[in-house]
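The structure appears right after this line, and notes come after that.
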Amino acid sequence: TNAPKNTPNGNPKSASSTSTTSQKMRMSTARMPTDGMYTAGRLSVASYNVWFGPPDPAARGVHPEERMDAIVDLLHDRSINFNNSPSSKDGKRMHDFIGFQEVTMELAGILVPKLKCLGYHVVLQPEVANAYGCALAVPRSAFNAMDRSNAETKSSLPFSTFTPYCNSVMARGILHFRTATHLYCTTHLESYLSKESDGSKQRERQMLEIENFCKRQFQLFPLLEAAIVLGDLNWDDERARSTGANRMLLDTLHDSSQWKDTWLEWHGTTASTPVAAGAKRKSAKPKKIPIGGFTYDGKLNPMLSGSLRRRFDRCLVFANESKVDVSSYNVDDFRLVGQSALVDKRTKQPLQYRKFNPWQETHRSVPVAASDHFGLVISLSTDAQSAGGDPAAS
């Protein structure tokens, strides 16, 4: 895929960016391109962990073409509320941002052309070449607008980069895209390896790194209203009968009063009740999360088995409090996609694959879903204008 012109080798830079004072001032005061939230007051975002495949080499890939087809179709189903987001040339609705996780080179080779045909520009995490990583897709018009803006201002500050986490042993980090008013981030936090190495402490530290990254971006680009952070957070704080490996997600963050968990907001189960600026949030167990909240679900996903059910995948909003309050962001729709088994489009028969059990050394046929995770599709709106007004009109 193509990357920003100010990054080498077709991929975003794999480090945090620095800048001179003059560059900061050029970017914060320049005439910036507008985006969906200013033109319509609405925003549509999505996230999907596409599953890199089973460890069994004989089953590697598991119908990759059919699964990537399904993921693209699920994310663009006609029933989705796209909230007046951009349209492609053929009139199909597009999301303002899509984040993907566990993208291998094989899957990227299938997924990227399909997204390009819909009018998206795709950026891959550099480490994808070695194993798997994150990817993002934004409307090509939005990418080109930021590219032109950087050229006009002669800025060397990239608008799409990959920033690795300090403590990751899995090449995890933040892949982001910045518009005039919003910072979009997708990420895959540290995974569970064993009881002795469950990744919980690393994940909590990585969430603080995300928060600090967003704050730096808010300082560099004062017109930013908020950051939208979505992806596979591997977060384990919502168990019905036991204590999870992680603390409540929003309790781990320094500026928790300006964060919002969109699933909890949509269902009115707010462990994210607003608190006064500077006040310490009290730890509170959220109300019971509906069954559909689990994005990794051993009971509902036809490709899985067992009883593990977790809300690993999340979409968070972090407001730049110098511009807006997080309470001004409304969740208009939140849905999970990909719960059904796939059917072969030619034979009309259910797709199957031979799943290997390494403990019993046996195989059994199981249905194929789009992924082992469900995808997220979220529609947002804002009921508060930026304190500085529309940057495109200044």
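From the list 356, 312, 294, the one residue that fits, being at pLDDT below 95 and within 19 Å of residue 268 (Cβ to Cβ), is 294. In the range 317-346, the residues that are within 28 Å of residue 50 (Cα to Cα) reach residues that are open to solvent by 20 Å² or more (accessible area, probe 1.4 Å) and part of a helix (DSSP H, G or I) with C-beta atoms within less than 7 angstrom, at least six apart or across chains, in these pairs: 331/265; 331/266; 334/266; 336/292; 337/74; 338/74; 342/66.
Residues that are modelled with pLDDT of 70 or more, of a type outside the set (Val, Ile, Thr) and open to solvent by less than 10 Å² (accessible area, probe 1.4 Å) occur in the range 31-45; there is at least one. Taken over the range 51-88, residues that are at pLDDT 90 or above and either within 21 Å of the chain's Cα centre (by Cα) or surrounded by fewer than 21 Cβ atoms within 10 Å (Cβ to Cβ) (or both) amount to 17. For residue 197, the conditions (1) touching a Phe, Trp or Tyr at 6+ places or on another chain (Cβ under 7 Å); (2) of a type in the set (S, T, N, Q); (3) without any contact (Cβ under 8 Å) to a residue 40 or more places away in the chain are fulfilled apart from (1). Of all the listed residues (107, 157), the sole one being buried (at least 21 other Cβ atoms within 10 Å of the Cβ) and not basic (Lys, Arg) is 107. When the strands (runs of 3 or more DSSP E) confined to the range 329-375 are screened for residues that are touching a Ser or Thr at 6+ places or on another chain (Cβ under 8 Å), charged (D, E, K, R) and within 30 Å of residue 42 (Cα to Cα), those reaching at least 1 such residues are found at 329-337.
Screening the range 174-223 for residues that are of a type in the set (Ser, Thr, Tyr) and more than 23 Å from residue 45 (Cα to Cα) and picking the one that is surrounded by the fewest Cβ atoms within 10 Å (Cβ to Cβ) gives 194.
The values are calculated or read from the model by the stated rules, or taken from the named source; none is laboratory data. Because the structure is predicted, anything quoted here is derived from the model rather than measured. FYI the Cβ positions are ideal-geometry reconstructions off the backbone, even for glycines, and counts take in every protein chain you see. Ligands, DNA and RNA are excluded from the accessible area calculation, which covers all protein heavy atoms including side chains. Shrake-Rupley method; radii C 1.70, N 1.55, O 1.52, S 1.80 Å.
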